[in-house]
Amino acid sequence: MDWTAGYASDVEYTTGFYAEQAPGYLNLVCALNGYEPPTLSGPFTYFELGFGRGLTANVLAAANPHGTFYAADFNPSHVAGARALAASAQLSNLTLLENSFEELAQGKADGLPQFDYITLHGIYTWVTAENRQHIVDFIGRYLKPGGAVYVSYNALPGWAGASPLQRLLVEYGDAFPNRSNVEMDGASRFVERLVEAKAGYVEAYPSIKPRLESLKSGDRNYLVHEYMHKHWQPLYHADVARDLARAKMEYAGSAMLPMAYPGLYLTPERQAVVATFPDSAMQETLKDYVLNNSFRKDVFVRGLRKMSPNRHTEVLSQIGVALAVPRSACTVEMKTAIGTLRGNAELYGAI
Ligand SMILES: C[S@@+](CC[C@H](N)C(=O)[O-])C[C@H]1O[C@@H](n2cnc3c(N)ncnc32)[C@H](O)[C@@H]1O
């Protein structure tokens, strides 16, 4: 029986840690955007959908001993590897389940509690529409009121030019079936021939050049999972927001933190264009048109509550920050979409 639903599962995904999925990080997104975050001061519950190699789930469980973590993936080799990692780290607050999104949405994983956080990274673009529906149903069924969801996805219109490239890679794999990484090798070499033949598509979309380069040299397993799924679908933010609205979710902000400050990346003229639409889902989508975004990291909350100015100050003042690099490696230069900004060295030094 095929359990993959068109998802290339014959090679393992690469191992990565994604800080944006951390509960504290998600609270920071809510706080920066002026929304009440879930409470983190006491015990909390957390679920990761599609954990891949499981490094993020393992690190988050180790770093948050007062949290109870669950994560699920339908690929048994991913589950076995992630469980071995959890056992070697002697984690008692992480349960790794072998379940599909469909099974989870139908309540087939016994004994799950309600969750404060549900996260999924690198999933939503790469699965079928039915599976996106199962994910929304799972959130509707298991997220607590006030709980937060993190979802990343390939976005339109930034992917518009490169979509035909993805289609071609999948078609090549179908025409010359093999293990996905071997299909990827053959498909990449074929695309090089298309470039050498000066195909009109390649000439018309110079913006796809970095993708063509990464096909030559990128990690094969990563490329398989990025490109070789039959149901791959880049999405407009408005459609994702409307999907999630069915689970009573509202958009809180982007896990790309500077996005909380439109003045950093939108000129006044662009801000006025974005403000033309009354609806926040379309305003966000318009930002993607203005910036030609191809990837989004969205945070949604079930029951979004705007904080009063006093409460906002109080919540921000409770957030601690720590350097994640040696102090000597720190600069006060910030690269933003509207240019490089220089922070006040005295102020940032003190922080
Ligand atoms: C691109 S990987 C991302 C993994 C991880 N979130 C990360 O970013 O490292 C997608 C993962 O979702 C899992 N997956 C895909 N479809 C699924 C489904 N229908 N049910 C459960 N897991 C699924 C795959 O096995 C894979 O581990």
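The values are calculated or read from the model by the stated rules, or taken from the named source; none is laboratory data. Quick caveat: nothing in here was measured; it's all calculated off a predicted structure. When we count neighbours, we look across all protein chains shown, and the Cβ atoms used for this are built from the backbone with ideal geometry, even at glycine.
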Any residue in the range 239-246 that is touching a residue at least 40 places away in the same chain (Cβ under 8 Å) and either among the basic types (Lys, Arg) or farther than 21 Å from residue 136 by Cβ (or both)?
yes
Filter the range 105-127 for residues that are near the ligand (Cβ under 8 Å from one of its atoms) and assigned to a strand (DSSP E or B) and give the result.
120
Taking the options 12, 102, name whichever one is within 15 Å of the ligand (Cβ to nearest atom), surrounded by fewer than 22 Cβ atoms within 10 Å (Cβ to Cβ) and at pLDDT 95 or above.
102
Name the residue, out of 92, 188, 88, that is modelled with pLDDT under 95 and of a type outside the set (Asp, Glu).
188
In this structure, is residue 268 in the same structural domain as residue 252 (by TED's automatic domain parsing) and more than 23 Å from the chain's Cα centre (by Cα)?
yes
Scan the range 137-150 for residues that are farther than 20 Å from residue 58 by Cα and either surrounded by fewer than 22 Cβ atoms within 10 Å (Cβ to Cβ) or away from the ligand (no atom under 15 Å from the Cβ) (or both) and jot them down.
137, 140, 141, 142, 143, 144, 145, 146, 147
Between residues in the range 45-66 that are within 16 Å of the ligand (Cβ to nearest atom) and residues that are charged (D, E, K, R) and part of a loop (DSSP other than H, G, I, E, B), which pairs lie under 9 Å by C-beta distance while being six or more apart or on different chains?
52/12; 53/12
List the helices (runs of 4 or more DSSP H) that sit entirely inside the range 174-226 and contain at least 2 residues that are among the basic types (Lys, Arg).
180-196, 209-217
What pairs come up if the first residue lies in the range 305-318 and is more than 14 Å from residue 29 (Cβ to Cβ), the second is of a type in the set (Phe, Trp, Tyr) and surrounded by 11 or more Cβ atoms within 10 Å (Cβ to Cβ), and their beta carbons are under 8 Å apart, counting only those six or more places apart or on different chains?
305/35; 306/35
Picking from 72, 84, which residue would you name as being of a type in the set (A, V, I, L, M) and closer than 17 Å to residue 18 by Cα?
72
Within the range 233-246, how many residues are part of a loop (DSSP other than H, G, I, E, B) and either surrounded by 22 or more Cβ atoms within 10 Å (Cβ to Cβ) or among the small types (Gly, Ala, Ser) (or both)?
0
Filter the range 139-157 down to the residues that are among the aromatic types (Phe, Trp, Tyr) and touching an Asp or Glu at 6+ places or on another chain (Cβ under 9 Å) and list them by number.
150, 153
If I filter the range 142-161 for residues that are charged (D, E, K, R), at negative phi and either part of a loop (DSSP other than H, G, I, E, B) or under 21 Å from the mean Cα position of the chain (by Cα) (or both), do I get at least one hit?
yes
Looking only at the range 321-351, how many residues end up being under 24 Å from the mean Cα position of the chain (by Cα) and within 26 Å of residue 41 (Cβ to Cβ)?
4
Quick one: count up the residues across the range 33-90 that are in a loop (DSSP other than H, G, I, E, B) and acidic (Asp, Glu).
1
Can you tell me which of (1) buried (at least 19 other Cβ atoms within 10 Å of the Cβ); (2) within 18 Å of residue 104 (Cβ to Cβ); (3) not charged (D, E, K, R) is the one residue 76 doesn't meet?
(1)
Considering only the range 263-271, I want to know if a residue exists there that is closer than 18 Å to residue 152 by Cα, surrounded by 15 or more Cβ atoms within 10 Å (Cβ to Cβ) and modelled with pLDDT under 95.
no
